[in-house]
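The values are calculated or read from the model by the stated rules, or taken from the named source; none is laboratory data. Keep in mind that what you see is a predicted model, and the values were worked out from it rather than measured. As a convention, Cβ positions derive from the backbone with ideal geometry for all residues, glycine included, and neighbour counts pool all protein chains shown. For accessibility, only protein heavy atoms count, side chains too; no ligands or nucleic acids. Shrake-Rupley method; radii C 1.70, N 1.55, O 1.52, S 1.80 Å.
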Amino acid sequence: MKIYNTLTRQKEEFKPIEEGKVRMYVCGPTVYNLIHIGNARPMIVFDTVRRYMEYAGYQVNYVSNFTDVDDKIIKAAIEQGVTAEDISKKFIEECKKDMKGLNVKEATKHPLATEEISGMIEMISTLIEKGYAYDKNGTVYFRTRKFDHYGDLSRKNIDDLEAGHRDIKVAGEDDKEDPLDFVLWKPKKEGEPFWESPWSEGRPGWHIECSVMSKKYLGDSIDIHAGGEDLIFPHHSNEIAQSEAANGVQFSRYWMHNGFLNIDNKKMSKSLGNFFTVRDISEKYDLQVLRFFMLSAHYRSPINFSAELMEAAKNGLDRILTAVDKLDRVLPVLEEKELTAEEKSGLETIQLLVKKFNDSMEDDFNTADAISAIFEMVKFANVNVAETSAKAFAQSIKDTITKLTDVLGIITEKEEELLDEDIEKLIEERQQARKDKNFARADEIRNTLSDMGIILEDTREGVKWKRA
Ligand code: AMP
Ligand code: ZN
């Protein structure tokens, strides 16, 4: 499996720290509003990475935080006359609803920054002890220049960074030793949420959160750290500096970054006001369409959001759903018979397409090509499955399509509620089969019903049934 590693700017063979296991951390959203579809992109693409790794046999420990203390949350709370906690709790719940709609699996752990403050105080203390951080009037700063590899991930030259920061130093807006130093802990302002610490009553900086939550739930060294490409600098650069200075080992082996979701070639963002929330989109489309739309492009490429592309995604997804639906309808009437030579070779074609899917995903998660392999299967099914086909032939194609769409997090099977009248029809058919001494068919019906959670009871008054 090859992964493009931002740290080395090349595709590398994936080798986990521990055989068969993946430790993965994805920076989550700041929860002060409904998430927009740009925020949904990392959720969808890294959930797909996770799903593919699980399909490939890895056990994935997937951690993704919610940033639930931050200036924007506090600002929203003040504006709305509620507490910061009210805001963050509400939008975590809303975000989880959106994630469910997008079929993003729950993380193994979704830590909240506000529940991990003691770990942050501990790591900041370690950094101070090791000379990587200092306290100035209750604010703790990281001594950026002391960390030799600061520019490795961003490929930024530290002296260029300094030039960019000089105006701050000249204006004397803070009392950092160096304009490059960043905040680990800051004192509260009036009315803000705060925690006790050795330096001041205050709260942590954003970057330290992820270093601490990653360490706590995944260990000092992890396999993959991921997020949108805007996080490369400063967020991920600062995380590396903090974690490696404190722990003395490499923080993450692979760094993965998704490209931006743009509108009119500008990054979609809350601050520019050029955004659609996931909730807006859900009013017009099934959110699976949005997921399919995101996966139709490579995760590192920018995507320009447009109504036309969403319609194209909807049509593409419909083609797959319709084919699976057709297979579902034809399957009950197909005969269980030997496969013909043609059908056997057809299944070999399907296996070649599975290989195409796997090869595409192994090549830095090329979901666009993986989807085209699924389209080819769909086309094959449409052309080759008929009412005369062997059941095993159609079943195998359907199972393959369903399995691969599931790797992409696309649900092809509607869970249909079995209606009472359908159940009764099947029971009648079973009674007839027994009269005809066709016990095999009678048992088959009992098993089908039992798979659907229907329990039959043969009584003197006839057959009774109930839902399990
Ligand atoms: P934020 O809440 O701004 O910290 O963003 C949460 C995640 O969404 C981060 O991984 C960001 O990089 C990502 N993100 C924000 N806007 C976009 C966008 N327009 N396209 C892609 N990813 C984005
Ligand atoms: Zn982070």
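I'd like to check something: does segment 40-56 contain any residue that is modelled with pLDDT of 95 or more, more than 12 Å from the chain's Cα centre (by Cα), open to solvent by 10 Å² or more (accessible area, probe 1.4 Å) and within 16 Å of ligand 1 (Cβ to nearest atom)?
no
For segment 379-460, which helices (runs of 4 or more DSSP H) that fit wholly inside it have 1 or more residues that are free of Cβ contacts under 8 Å to residues at least 40 places away in the same chain, among the charged types (D, E, K, R) and surrounded by 14 or more Cβ atoms within 10 Å (Cβ to Cβ)?
Once the helices (runs of 4 or more DSSP H) in segment 379-460 are filtered for at least 1 residues that are free of Cβ contacts under 8 Å to residues at least 40 places away in the same chain, among the charged types (D, E, K, R) and surrounded by 14 or more Cβ atoms within 10 Å (Cβ to Cβ), what remains is 420-435, 439-451.
So GLU129 clears everything in (1) at pLDDT 95 or above; (2) surrounded by 13 or more Cβ atoms within 10 Å (Cβ to Cβ); (3) more than 30 Å from HIS36 (Cα to Cα) except one condition, right? Which one?
Failed condition: (2).
Each row is one residue, and each column tells you yes or no for (1) more than 28 Å from the chain's Cα centre (by Cα); (2) under 12 Å from ALA394 (Cα atoms); (3) among the β-branched types (Val, Ile, Thr).
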| site | (1), (2), (3) |
| --- | --- |
| ALA307 | no, no, no |
| ALA312 | no, no, no |
| LEU321 | no, no, no |
| VAL324 | no, yes, yes |
| ASP328 | yes, yes, no |
| GLU336 | yes, yes, no |
| LEU347 | yes, yes, no |
| GLN351 | no, no, no |
| PHE357 | no, no, no |
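Is at least one residue of segment 309-326 within 13 Å of ligand 1 (Cβ to nearest atom), surrounded by fewer than 19 Cβ atoms within 10 Å (Cβ to Cβ), among the aliphatic types (A, V, I, L, M) and in contact (Cβ under 8 Å) with a residue 12 or more places away in the chain? Step through it out loud before you land on a result.
So the first thing to find is which residues in segment 309-326 are within 13 Å of ligand 1 (Cβ to nearest atom), and the list is none.
No: zero hits.
Name the helices (runs of 4 or more DSSP H) wholly within segment 195-286 that hold at least 2 residues that are away from ligand 1 (no atom under 12 Å from the Cβ) and surrounded by fewer than 19 Cβ atoms within 10 Å (Cβ to Cβ)?
Qualifying helices (runs of 4 or more DSSP H): 278-284.
Go through ILE78, ILE73, ILE17 for me and flag whichever is modelled with pLDDT under 95 and of a type in the set (Val, Ile, Thr).
Details: ILE73 fails: modelled with pLDDT under 95; ILE17 fails: modelled with pLDDT under 95.
One residue alone meets the criteria, ILE78.
Could you identify the single residue in GLU413, GLU421 that is in contact with a Ser or Thr (Cβ under 8 Å, 6 or more places away or on another chain), modelled with pLDDT under 95 and acidic (Asp, Glu)?
GLU413
Does any residue of segment 62-85 turn out to be within 14 Å of ligand 1 (Cβ to nearest atom), among the hydrophobic types (A, V, I, L, M, F, W, C), farther than 30 Å from ALA368 by Cα and not in a loop (DSSP other than H, G, I, E, B)?
Yes.
When the residues of segment 13-35 are filtered to those that are within 7 Å of ligand 1 (Cβ to nearest atom) and not small (Gly, Ala, Ser), which remaining residue is most open to solvent (accessible area, probe 1.4 Å)?
So the residue we want is THR30.
Considering segment 300-349 alone, what residues qualify as being over 30 Å from HIS257 (Cα atoms) and in contact with a Gly (Cβ under 8 Å, 6 or more places away or on another chain)?
Within segment 300-349, no residue meets the criteria.
Criterion first (touching a Phe, Trp or Tyr at 6+ places or on another chain (Cβ under 7 Å), among the β-branched types (Val, Ile, Thr) and either under 30 Å from GLY202 (Cβ atoms) or open to solvent by 20 Å² or more (accessible area, probe 1.4 Å) (or both)) does THR67 satisfy it?
Here the answer is yes, as THR67 does meet what is asked.
Could you grab the pairs with beta carbons closer than 8 Å, sequence gap of 6+ or different chains, first residue in segment 203-221 and closer than 11 Å to TYR25 by Cα and among the aliphatic types (A, V, I, L, M), second one open to solvent by 30 Å² or more (accessible area, probe 1.4 Å) and more than 15 Å from ligand 1 (Cβ to nearest atom)?
So the pair list comes out as LEU218/ARG23; LEU218/ASN61.
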